[in-house]
Structure formats: structure tokens, C-alpha cells
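Visitor: If you scroll down you'll find the structure; I have some questions about it.
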Amino acid sequence: MCHWLMKSEPSEFSIDDLKRAPDGTAPWDGVRNYQARNHMREMKAGDRVLFYHSSTDPLAVVGTARVVREGYPDESAWNPKSPYYDKRSTLENPVWLRVDVRFEARFPVPVTLADLRTVPALKHMLLLRKGMRLSVQPVTPEEFEAVLARAAELAKGRHA
């Protein structure tokens, strides 16, 4: 099993949107970066995901999800009315992929980017590197567990 961090703008698709989806499952589509797409090619059913809200205040990991369907063609690339349309992508040669993810949990207290920077176990996390903008990125098992532990600490402090 691998671990991932997936970024989404909450105004476009939030963790609450995922939770409200049928069976808490929705396609992760619209990825138009080759490196992020290649990470999606590596995803396997059962892989765990840190759900990150980007382009908002505060930037934060807000919960977890799980990959439930491995990469398949992103049909939004074939729709000229879609903001994700790409004329290079065809039925015979799809350029872009999507995966399906299922909601697992929403953290009671988001783990902000600033807070992540204070966790020593995360000092090498890709997300924390200057200029790292990938919407889909790998996370080590240790980093995944460190984020979960920090989320639990923050939640406990909220209820203290």
C-alpha cells in the first residue's frame, strides 16, 4: 500500500463534497500535470490519501480518503465544454487519468501548512518543499502517520 497527498480547492471540490457523494465516493479528475498524472498511474485500490485544501485560508490537510478504483481515462478531457478539455486526448489514446476515492474521515481540526512545518518527522515531506505545487504527490508511510498523529493531538487539544 502506498500513501498520497491530493490537493483540491474547496470551492471546486472539498472533503465535504466527497463525504456527500454517493457512497462517499467520487472520481478525482481534472488533473492536467504530467507528473501528477504519473503518480495517479501508480495508485492502487486501498492506497490511503491525505486530503488537502489548497487555494484557501488556511491551507491544510483536512482529512483522509482511500483509492477505490485505479486509474482510468478522464472523460472530461473529451468534452469541449469542460474546463479540462484537451483535444490531444482521444478515446483511442487517452492522455489523462482519473481515480476514484472514497471518504474516510474529516479531521475535527485541520492540520495547517504552518502546523505541518513544526512537525520534525515531516521535515522532508514533498508538500513542505519550496515551490512544490503538485496536486498529487507521494507521502511516505511515516509522514502519513505523523500527519494523523498531529491531527489527533490537535483534536485532543480542542476538547481539553
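The values are calculated or read from the model by the stated rules, or taken from the named source; none is laboratory data. What you see is a predicted model; the values in this text were computed from it and never measured. Using ideal geometry, Cβ is built from the backbone for each residue, glycine included, and neighbour counts are taken over all protein chains shown.
Visitor: May I ask you to say which residue of Arg37, Arg66, Arg48 is within 30 Å of Ala155 (Cα to Cα), in contact (Cβ under 8 Å) with a residue 40 or more places away in the chain and not aliphatic (A, V, I, L, M)? First the steps, then the outcome.
Guide: On the way: Arg37 fails: within 30 Å of Ala155 (Cα to Cα); Arg66 fails: in contact (Cβ under 8 Å) with a residue 40 or more places away in the chain.
Of the residues listed, the single one that is within 30 Å of Ala155 (Cα to Cα), in contact (Cβ under 8 Å) with a residue 40 or more places away in the chain and not aliphatic (A, V, I, L, M) is Arg48.
Visitor: Would you say Phe13 is modelled with pLDDT of 95 or more, among the aromatic types (Phe, Trp, Tyr) and in contact with a Gly (Cβ under 8 Å, 6 or more places away or on another chain)?
Guide: On the way: modelled with pLDDT of 95 or more: yes; among the aromatic types (Phe, Trp, Tyr): yes; in contact with a Gly (Cβ under 8 Å, 6 or more places away or on another chain): no.
Here the answer is no, as Phe13 does not meet what is asked.
Visitor: Could you pull out the residue among Pro120, Pro108 that is in contact with a helix residue (DSSP H, G or I) (Cβ under 7 Å, 6 or more places away or on another chain) and either among the hydroxyl-bearing types (Ser, Thr, Tyr) or surrounded by fewer than 17 Cβ atoms within 10 Å (Cβ to Cβ) (or both)?
Guide: Among Pro120, Pro108, only Pro108 is in contact with a helix residue (DSSP H, G or I) (Cβ under 7 Å, 6 or more places away or on another chain) and either among the hydroxyl-bearing types (Ser, Thr, Tyr) or surrounded by fewer than 17 Cβ atoms within 10 Å (Cβ to Cβ) (or both).
Visitor: Next question, about the same structure. Which count do you get for residues in region 79-97 that are among the hydrophobic types (A, V, I, L, M, F, W, C), at pLDDT 95 or above and more than 26 Å from Gly24 (Cβ to Cβ)?
Guide: Of the residues in region 79-97, the ones among the hydrophobic types (A, V, I, L, M, F, W, C) are 91, 95-97.
When the remaining residues are screened for being at pLDDT 95 or above, the result is 95-97.
Checking the rest, the ones that are also more than 26 Å from Gly24 (Cβ to Cβ) come to 95.
Within region 79-97, residues that are among the hydrophobic types (A, V, I, L, M, F, W, C), at pLDDT 95 or above and more than 26 Å from Gly24 (Cβ to Cβ) number 1.
Visitor: If you check Tyr84, Tyr52, Tyr72, which single one turns out to be touching a Lys or Arg at 6+ places or on another chain (Cβ under 7 Å) and under 16 Å from Arg133 (Cα atoms)? Lay out the reasoning, then the answer.
Guide: Working: Tyr84 fails: under 16 Å from Arg133 (Cα atoms); Tyr72 fails: under 16 Å from Arg133 (Cα atoms).
Just one listed residue meets the conditions, Tyr52.
Visitor: Moving on. Among the residues that make up region 127-136, is at least one of them modelled with pLDDT of 95 or more, assigned to a strand (DSSP E or B) and under 18 Å from Met43 (Cα atoms)?
Guide: Yes, region 127-136 contains a residue that is modelled with pLDDT of 95 or more, assigned to a strand (DSSP E or B) and under 18 Å from Met43 (Cα atoms).
Visitor: Let me ask something else about it. Test Glu75 against the criterion of being acidic (Asp, Glu) and under 25 Å from Val111 (Cβ atoms), and give yes or no.
Guide: Values: acidic (Asp, Glu): yes; under 25 Å from Val111 (Cβ atoms): no.
When the stated conditions are applied, Glu75 does not pass them.
Visitor: Specify which of the listed residues (Asp100, Asp115, Asp74) is at pLDDT 95 or above and within 16 Å of Trp4 (Cα to Cα). Quick ask: steps written out before the conclusion?
Guide: Numbers: Asp115 fails: within 16 Å of Trp4 (Cα to Cα); Asp74 fails: within 16 Å of Trp4 (Cα to Cα).
Checking each option against the conditions leaves just Asp100.
Visitor: Looking for something part of a loop (DSSP other than H, G, I, E, B), in contact (Cβ under 8 Å) with a residue 24 or more places away in the chain and under 25 Å from Ala146 (Cα atoms) - is there at least one such residue anywhere in region 106-119? Show your work before the answer.
Guide: Step one: filter region 106-119 for residues part of a loop (DSSP other than H, G, I, E, B), giving 117-119.
From what is left, the residues that are in contact (Cβ under 8 Å) with a residue 24 or more places away in the chain are 119.
Checking the rest, the ones that are also under 25 Å from Ala146 (Cα atoms) come to 119.
Yes, there is a match, as at least one residue in region 106-119 is part of a loop (DSSP other than H, G, I, E, B), in contact (Cβ under 8 Å) with a residue 24 or more places away in the chain and under 25 Å from Ala146 (Cα atoms).
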